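Encoded as structure tokens, the structure appears first; notes follow it.
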Amino acid sequence: MQCFILLFTHMSDGIPELPAYDDAALEKAFAALETQAREAAAGLAGEAALEAFRLEWLGRKQGRLKGLSDRWLKAAPATAKKALGLRFNALKAVVEQLLDSALGASPSDAGLKAEAIDITLAGTRRLTGAEHPITRTMNEIVSVFAALGYSVGVGPEVETDFYNFESMNFPPGHPARDTQDTLVVANQERKPLRDRLLLRTHTSPVQMRTMEQQPPPVRIVIPGKVHRNDAADATHSPIFHQVEGLCVDTGITFSDLKGTLDHAMKALFGSAVKTRFFPSFFPFTEPSADVQISCIFCGGKGCRKCKQSGWIELLGCGMVDPAVFAFAAEKQPAYDPKKISGFAFGMGVERIAMMKYGISEIGSLYAGDMRFLNQFA
Ligand code: DAH
């Protein structure tokens, strides 16, 4: 029984008996096989058909070439082995080549085609990302204060009238509100004024949010985006960024404010930079000051950039107004202006970035032009 099955398998593998080992017989036998292979390969379509062809001819166990090797090569007398081997290898090369070209040509074989790679093609270059100059400047400012022990806070961009104005000591109807032309959220009229939503015009409201959350001492910087209803020009944008600072503790004085900001400006612009403090007004600080730094372009001699003055105005600051502490004390009684004091400051990030990197148009910071941004990569 077993014998019969073996015989049957041999008969079905499509390999005829080899009548003789002379050149003519070999030529005829191999030519016949090659013709069969070419006919089978012609018009092969689809993954399944290709695989069937591969298995039939090149399959390791049942493939015809394996059968040939077993039945012709191994059985051949030593004198015929070389000639047989050469023809065997030639046939194998033909079959492999047929399979390769069928793989490449098969139109329905999108999967295999997609997997094929052409290693001679140039590679795809992936662009490396980089910090945007605004983010970079903001991080730099924040890290100067982080090194002094300040923590970092954030607050919402859609803010209430209370936090943006009232708690910062801009009472309803106060003319100081007009200094920050405000974008308000529509349809809020039915709410009490203090609850109406607006786009924050400065990062100062986060001073109040911070104090409500924690008793003194506080040392915090708050980087963030702010919005104003301002027309865009070379140096103004209706959306820009600020870094706010707040320090509250016992015995904080104006000298602490001056020392801190003088250090920060030297850290940001170089140790040769000098600072000076000019009287100013902000509702939430008393006294208030504008900080000027000696012109980083001319060293203070006077140039076009500093309008021949030798000084450039850079930020606002002051001692926290007791009226602001009074609002904070509603939630955190420890903000008692008789026991604690503090200073605050706020600076525009774009202005500092433009000075540091010599950018003349604020709009180039928002245009997303890679030729501009690549310079910071
Ligand atoms: N919030 C002010 C503005 O946007 C900037 C500012 C000035 C913030 C003085 C402060 C400060 O904290 O003390 O114009």
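The values are calculated or read from the model by the stated rules, or taken from the named source; none is laboratory data. Remember, it's a predicted structure, so these values are computed and weren't measured experimentally. Here Cβ is always computed from backbone atoms with ideal geometry, including for glycine, and neighbour counts include all displayed protein chains. The accessibility values were calculated without ligands, DNA or RNA, using every heavy atom of the protein model including side chains. Shrake-Rupley method; radii C 1.70, N 1.55, O 1.52, S 1.80 Å.
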Before we move on, is Asp290 within 13 Å of the ligand (Cβ to nearest atom), over 29 Å from the mean Cα position of the chain (by Cα) and at pLDDT below 95? no
Looking at the range 114-233, what strands (runs of 3 or more DSSP E) fall wholly within it and have at least 3 residues that are open to solvent by 70 Å² or more (accessible area, probe 1.4 Å) and among the polar types (S, T, N, Q)? none
Is it true that some residue in the range 309-325 is of a type in the set (Ser, Thr, Tyr) and touching a helix residue (DSSP H, G or I) at 6+ places or on another chain (Cβ under 8 Å)? no
Residue hits (the range 177-194; within 20 Å of Phe240 (Cα to Cα) and touching a Pro at 6+ places or on another chain (Cβ under 8 Å)) are Leu183
Going through the range 266-296 one residue at a time, which ones are over 22 Å from Ser143 (Cα atoms) and surrounded by fewer than 16 Cβ atoms within 10 Å (Cβ to Cβ)? Arg276, Phe278, Pro279, Ser280, Phe281, Glu286, Pro287
